[in-house]
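The next block holds one structure in the form of C-alpha cells; read it before the comments.
The values are calculated or read from the model by the stated rules, or taken from the named source; none is laboratory data. In this text, all values refer to a predicted model and were calculated from it rather than measured experimentally. Please note: Cβ atoms are built from the backbone with ideal geometry, for glycine as well, and neighbour counts cover all protein chains shown. For the accessible areas, the whole protein counts, side chains as well, though only heavy atoms, and no ligand, DNA or RNA atoms are used. Shrake-Rupley method; radii C 1.70, N 1.55, O 1.52, S 1.80 Å.
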Amino acid sequence: MTAPPLAASTLDDIVAAGTRIAGTVVRTPLVRLHVDAPAEIWLKLECLQPIGSFKLRGATNAMRRLAEDSPERLAQGVYTASAGNMAQGVAWGARALGIPCTVVVPETAPSTKVAAIERLGARTDKRPFDAWWRVIAEHGDPGLRGTFIHPFADADVMAGNGTIALEILEDLPNAKAVLVPYGGGGLACGIAAGARAAWPGRPPRVFACEVDSASPLDAALRAGAPTAAAYTPSLVDGIGSKRVAEEMWPLARTLLDGSIVVPVAAVAVAVRLLVERARVVAEGAGAAAVAAALSERSPNGPIVCIVSGGNIDLLKLSAILRGEIP
C-alpha cells in the first residue's frame, strides 16, 4: 500500500477531534513539578488516560471520524500494528463502538502486553518483527479485514493528539516550550500543529525528546534527511527506532524546533523523580520529556512536559526505584 500524503492538522481539524473524543478521553490535568531547576516545569499527565497513554486520543478520533464518513466500513472492523499503547487505544475504541478489532503484534511482544490487548476484546496476530514492521511501513495488510489505523502517520490520529495543545493553551497560555517524546512522530507533530494553529501571538516552541540509545530524529536533523541511526534496546521502549519514518519527515522538520537527546540514565532518574515528587508513575518514554527539561539543553520556561504514558512493567519500575536500572 502507498502511504497517503500528510499535512499538518488545522485548527478546525483539532477542534472537531476534540468534539469527537469528548466523554471518552480524559481532559488530563496540568500540574507543577516542584524541583530545583532553572525553568518552571509543568506536567501534562497523559498517563492518566483510561489506557494509561495519550494514544487513546488519536485512536478514538480516527475511528469516530470513520463512523461519520463511512459507517459501513467501520462495521467491518479495524486493525493496527502495535505491541503497546496504540494497540490498547484501538482495542479500547473498538470495544466502545462494538466493532471487531485485530492487532498485529511482533512475536517478541511480552505476554503481559498481549494479554492486556486481548482483555480489551481484540484479536492478536503475531508475526516476525520484520513482517510486523512491514504492516506499519506499508500502511496496512491487504490480507486483513477492516480499516487500518496507523499508530502515528495518520491525519486523524495526529488531529486527536493535537487536542493536547488546546488543553495546554487553556491551562497555561504563557507556556514558552512543550517537550514531547518522539516515537513515530504523531504526538510531537500533532501537538506542534495545534500550537501553531491555536496560540495567539507567538506559540510555544515544541521540541522532540529522544534518548541516546535511539535518536533517529536528531540524526535526520543533522543530516538533513532521514538516515540510519544507532539503536540499542533500553528501559525506554516506547520511543526510538533505527530511522525516522519517511512520511513523517516533512512534518517533523518544519513543525518541530529540534530534538533534545538525553542519556538513558537521565530517564531513569526522571522516572524516580516523578514518583518521589509528584506521585506519578511514568514509563520510560513518558519520563523522557522531564529528563530533557532537567538537562543542560532545556529551553526557557514555563515548560510543559508531556508525560505520554504510564504503562511501565512493575518489575522494571521496582528496579529503577531501587537504583538498579540502568
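Of the listed peptides 83-92, 299-308, what is their order by residue-averaged count of other C-beta atoms within 10 Å, with the highest listed first?
So the peptides 83-92, 299-308, ranked by packing, come out 83-92, 299-308.
Residue separation times 0.36 nm, minus the C-alpha to C-alpha distance between Glu170 and Arg322: what's the value?
Full extension of this stretch gives 50.9 nm more.
Report, to the nearest 10°, how far helix 11-21 tilts away from the longest principal axis of the Cα atoms in the chain, using its own Cα long axis and a range of 0 to 90°.
70
Return the FRET efficiency for the residue pair Ala223, Asp257: r is the Cβ-Cβ distance, R0 is 22 Å, and the value is rounded to the nearest 0.05. Kindly include the intermediate steps, with their values, before the conclusion.
Details: r = 18 Å, r/R0 = 0.81.
Given R0 = 22 Å and the Cβ-Cβ separation, E is 0.80.
For a quick check: with amide H placed at 1.01 Å from N, whose amide H comes under 5 Å from Ile312's, ignoring anything fewer than 5 positions away on the same chain?
For Ile312, whose amide H was placed from the backbone, the distant partners under 5 Å are Glu283.
Based on the mean of other beta carbon atoms within 10 Å per residue, what is the order of 159-165, 196-202, most packed first?
Sorting 159-165, 196-202 by mean packing, highest first, produces 159-165, 196-202.
Each label point is 7 Å from the Cα along the Cα-to-Cβ direction; what then is the distance between the points at Ala22 and Glu296, in nm?
Inter-label distance under the simple model: 4.7 nm.
Treating only the Cβ atoms of Lys and Arg (+1) and Asp and Glu (-1) as charged, compute the dipole magnitude of the chain about its Cα centre; round to the nearest 20 debye.
In total the dipole reaches around 340 debye.
Given axes a ≥ b ≥ c from the Cα gyration tensor, I'd like to know whether segment 1-107 is rounded (a/c under 1.5), prolate (a/b larger than b/c) or oblate.
Prolate.
So what are the ³J(HN,Hα) numbers for segment 73-87, from phi and the Karplus equation (6.51, -1.76, 1.60; θ = phi - 60°), rounded to whole Hz, Gly and Pro as x?
Values per residue, Gly and Pro as x: 5, 4, 4, 6, x, 9, 8, 9, 10, 6, 10, x, 5, 5, 4 Hz.
Which value in deg cm²/dmol, rounded to the nearest 500, describes the helix-derived mean residue ellipticity at 222 nm for the chain, given -39,500 (n - 2.57) per DSSP H run of n ≥ 4 and division by the residue count?
After summing the helix terms and dividing by the residues of the chain, the value is -12500 deg cm²/dmol.
At q = 0.15, 0.19, 0.24, 0.28 Å⁻¹, work out log10 I(q)/I(0) for segment 62-129 with the Debye formula, treating every Cα as an identical point scatterer and leaving solvent out; two decimals please.
-0.43, -0.65, -0.94, -1.17
For segment 218-326, compute the orientation-averaged projected area of the C-alpha convex hull (one quarter of its surface), in nm².
Directional mean of the projected Cα hull area for segment 218-326 stands at 7.4 nm².
Kindly express, to the nearest 10 degrees and within the range 0 to 90, the angle between helix 155-171's C-alpha long axis and the longest C-alpha principal axis of the chain.
40
Place +1 on the Cβ of every Lys and Arg and -1 on the Cβ of every Asp and Glu in segment 188-242, take the dipole about the Cα centre, and give the residue among Ser241, Ala229, Pro200 whose Cα lies farthest towards its positive end.
Of the candidates, Pro200 comes out farthest on the positive side.
Karplus couplings for segment 106-119 from phi (6.51 cos²θ - 1.76 cosθ + 1.60, θ = phi - 60°), rounded to Hz, Gly and Pro as x?
Once rounded to whole Hz, the list reads x, 4, 7, 4, x, 4, 5, 6, 4, 5, 5, 5, 5, 4.
Looking only at the chain, where both bridge partners belong to it, what percent of the DSSP beta bridges are antiparallel (to the nearest 5)?
Details: 7 of 36 bridges.
So the antiparallel bridges in the chain amount to around 20 percent.
How big is the charge dipole of segment 148-234 about its Cα centre, in debye rounded to the nearest 20, if each Lys and Arg gets +1 on its Cβ and each Asp and Glu gets -1 on its Cβ? Walk me through the numbers before you get to the answer.
On the way: 5 positive and 8 negative charges, 72 e Å.
Value, rounded to 20: 340 debye.
Over the Cα atoms of segment 129-256, compute the convex hull volume and normalise it per residue, giving Å³.
Once divided by residue count, the hull of segment 129-256 is 123 Å³.
What angle, in degrees between 0 and 90 and rounded to the nearest 10, separates the Cα long axis of helix 264-273 from the longest principal axis of the Cα atoms of the chain?
Taking Cα atoms only, the helix is inclined about 80 degrees.
Could you provide, to the nearest whole Å², the per residue accessible area of segment 31-127 with probe 1.4 Å?
41
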